[in-house]
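One structure is given below, encoded as C-alpha cells.
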Amino acid sequence: MSRKLKIAVLFGGRSPEYGVSLQSAAAVLRHMDRRAYEPVMVGISREGSWFHYTGPVSRVEDGSWLSGETSRAALVPGCPALLVWAEGTLRPIPLDAVFPVLHGQNGEDGTVQGLVELSGIPLVGCGVLASALCMDKDRAHKLVHAAGIAVPESFVVRQTEGAAAEQAEALGYPLFVKPLRAGSSFGITRAAKPEDLPAALEAAFSYSEQAIVETCVPGFEVGCAVLGSEVLTVGEPDEIALSGDFFSYGEKYSLKTSTIHVPARVTADRRRQIQENAKIIYRVLDCRGFARVDQFLTPEGRLVFNEVNTIPGFTAHSRYPNMMKAAGLSFERVISSLIELAVGHENG
C-alpha cells in the first residue's frame, strides 16, 4: 500500500472570519479520507502565531484548540516541511500539500498562498494572483467586465477622500457600500439615501482602507461552485431567497430568516447560462482548484457578476459543498479531488 499523503490544513488566522475558518476546517478534517491522507493540523492564532495542533477536531470547532499541550509553535519555512518546536529543537514534518481553510484578509487574499508557493509545497486551491484579484472587488469587476459579462456600476473611495457624495448621487440610490477587500459581508451597508452614506463608508473603512460603492442590482443572487484547473466541474447553481436587504454575515451562517434553494429555481437554459458564466469568470480571474462564483439574476433575466470566493465556506450550511452534492459529488469526494488537483492528478 502506498503511503498516506501528509496534508497541512491551515485554520484560524488574523481576519474577522477567524471563527468561520474554525468551523470550515473542522468540516474539512472530518470529511478527509484518512485511508489516503494524514492531516497535519496547523492553527494560526488571532495574533498571527502558527501552531502545530495535535488534539481532537472538536476543539478546533469549539475554538479551544490553542490551550493545553496539544499546540506547539510552528512555522512553514522556505522548504517543503512544517517546522515544529519540540523539546528544545525544531523538528521538520514533511508535507505533500497545504490546504488553507482561511477566510478573508491574511488568508484568502494571496498572502498565505505566496508563503506556501515560496516554500515549494503544492497548494490546494487558487494561487497568489487569483486570490489577490478576487479579494479586490473593483479589479475583479473590471476584468470580468472586459470579458463581456455585466457588472454593477460602481466607484472606489479611499479613506482619505471623503464621502464622495456627488459620485453617489450620479449612480442613484439605493446603493451598497462595501469594503474593497473583505469577506463574509463584513462592513457592508445598504445606503437608501444620501444621509446614510457617511456612516456606510465609515463601516466599510473599519475593514479596508478603500470602499467600493455599487448600484443596487434588482433580483436575487445565484451561486455556482466550480472545481478544477484544466477540466472544470460545476455544481448545481443555488439561489438565495432573502428576507432582508442583503445576505448579511449573520444570515450566511445561521439562515434564521433566509433560505438557500439548491438547485436554483430557474429554467434549464438559465441554469446552463449561470454555469457557463461561472466558468468564464473562473478562467478570467485565473482561478484553479476551486471557487464559488456569485452572480445576480435580474427580473429581466440578465446575469450580473457579484464576486468570487476563492475559499468558500465549508460549514454545515455552506453553499459550495451543497451545490457539489446536488451535482453528485459527496463532500468526501470534493475534498479528495481538491487534494489530487494540488498534487498533480487532475480531477482525481
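The values are calculated or read from the model by the stated rules, or taken from the named source; none is laboratory data. Keep in mind the model is a prediction, meaning the values are calculated, not measured. Cβ sites come from the backbone with ideal geometry, for glycine too, and all protein chains shown count toward neighbours. Heavy atoms of the whole protein, side chains included, go into the accessibility calculation; ligands, DNA and RNA do not. Shrake-Rupley method; radii C 1.70, N 1.55, O 1.52, S 1.80 Å.
Brief remarks follow.
- Yes/no for GLU117 being within 30 Å of TRP50 (Cα to Cα), open to solvent by 40 Å² or more (accessible area, probe 1.4 Å), free of Cβ contacts under 8 Å to residues at least 40 places away in the same chain and part of a helix (DSSP H, G or I): yes
- Listed by first and then second residue, the pairs linking a residue in the stretch 182-196 that is polar (S, T, N, Q) to a residue that is open to solvent by less than 50 Å² (accessible area, probe 1.4 Å), with Cβ atoms under 6 Å apart and 6 or more places separating them unless they lie on different chains, are SER184/GLU17; SER185/SER248; THR189/VAL177; THR189/ALA200; THR189/ALA203.
- The stretch 69-108, residues that are within 18 Å of GLY289 (Cα to Cα) and either among the polar types (S, T, N, Q) or modelled with pLDDT under 95 (or both): HIS103, GLY104, GLY107, GLU108
- Any chance THR160 is out of contact with any Ser or Thr (no Cβ under 6 Å at 6 or more places or on another chain) and closer than 30 Å to PRO237 by Cα: no
- Filtered residues of the stretch 120-129 (kept if crowded, with 18+ Cβ neighbours inside 10 Å and farther than 20 Å from SER318 by Cβ): ILE121, PRO122, LEU123, GLY127, VAL128
- Residue in the stretch 241-262 that is modelled with pLDDT of 95 or more and in contact with a Pro (Cβ under 9 Å, 6 or more places away or on another chain) present: yes
- Qualifying residues in the stretch 61-106 (those that are more than 13 Å from VAL40 (Cα to Cα) and not in a loop (DSSP other than H, G, I, E, B)) - the one least open to solvent (accessible area, probe 1.4 Å): ALA86
- Pairs, first open to solvent by 10 Å² or more (accessible area, probe 1.4 Å) in the stretch 1-19, second outside any loop (DSSP other than H, G, I, E, B), C-beta under 6 Å, six or more apart: LYS4/TYR37; LYS4/GLU38; LEU5/TYR37; LYS6/GLU38; LYS6/VAL40; TYR18/GLY12
- Of all residues in the stretch 34-59, those satisfying the criterion of being open to solvent by 40 Å² or more (accessible area, probe 1.4 Å) and either of a type outside the set (Gly, Ala, Ser) or at pLDDT 95 or above (or both) are ARG34, ARG35, GLU38, ARG46, GLU47, TRP50, PHE51, THR54, PRO56, SER58, ARG59.
- Taking the stretch 149-173 as the range and being assigned to a loop (DSSP other than H, G, I, E, B) and without any contact (Cβ under 8 Å) to a residue 60 or more places away in the chain as the test, the residues that pass are GLN159, THR160, GLU161, GLY162, ALA163, ALA164, GLY172, TYR173.
- Some residue of the stretch 204-221 being open to solvent by 40 Å² or more (accessible area, probe 1.4 Å) and either assigned to a helix (DSSP H, G or I) or β-branched (Val, Ile, Thr) (or both): no
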